[in-house]
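The values are calculated or read from the model by the stated rules, or taken from the named source; none is laboratory data. The structure presented is a predicted model; accordingly, all values stated were derived computationally and were not measured. Don't worry about glycine lacking a Cβ; one is built from the backbone with ideal geometry, like all the others, and counts go over all protein chains shown. In case anyone asks, the SASA skips ligands and DNA or RNA and just uses the protein heavy atoms, side chains included. Shrake-Rupley method; radii C 1.70, N 1.55, O 1.52, S 1.80 Å.
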Amino acid sequence: MWRGKRFVLPSASEFPLAAIEAEEEGRMLHSLRLILGDQQYLTWRDLARTAGDAEDFSQTIMRELGRGNRSASPA
């Protein structure tokens, strides 16, 4: 959950390599789009207005993935 909306993340085995590459290249928003998919990304963009929002959301995702994301689980 982030700001009252549920986002579903890919499982660790389904995590897109392109998203990891994009993050390594400093392309955080592109990485988020690849992780979330187009529809969830648009929902997220309706909620996120600042760079701080993007950072907060990214930290939320990383916390969730750090818990052993073995299946699609909400952020």
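Summary of values
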read-out	value
Extreme residue, farthest from the chain's Cα centre (by Cα), among residues of the stretch 35-58 that are assigned to a helix (DSSP H, G or I) and charged (D, E, K, R)	Asp46
Leading residue by the ranking (most open to solvent (accessible area, probe 1.4 Å)) among those in the stretch 1-34 that are closer than 19 Å to Arg45 by Cα and part of a loop (DSSP other than H, G, I, E, B)	Arg6
Scan of the stretch 35-50 for residues that are β-branched (Val, Ile, Thr) and either open to solvent by less than 60 Å² (accessible area, probe 1.4 Å) or in contact (Cβ under 8 Å) with a residue 24 or more places away in the chain (or both), ordered by number	Ile35, Thr43
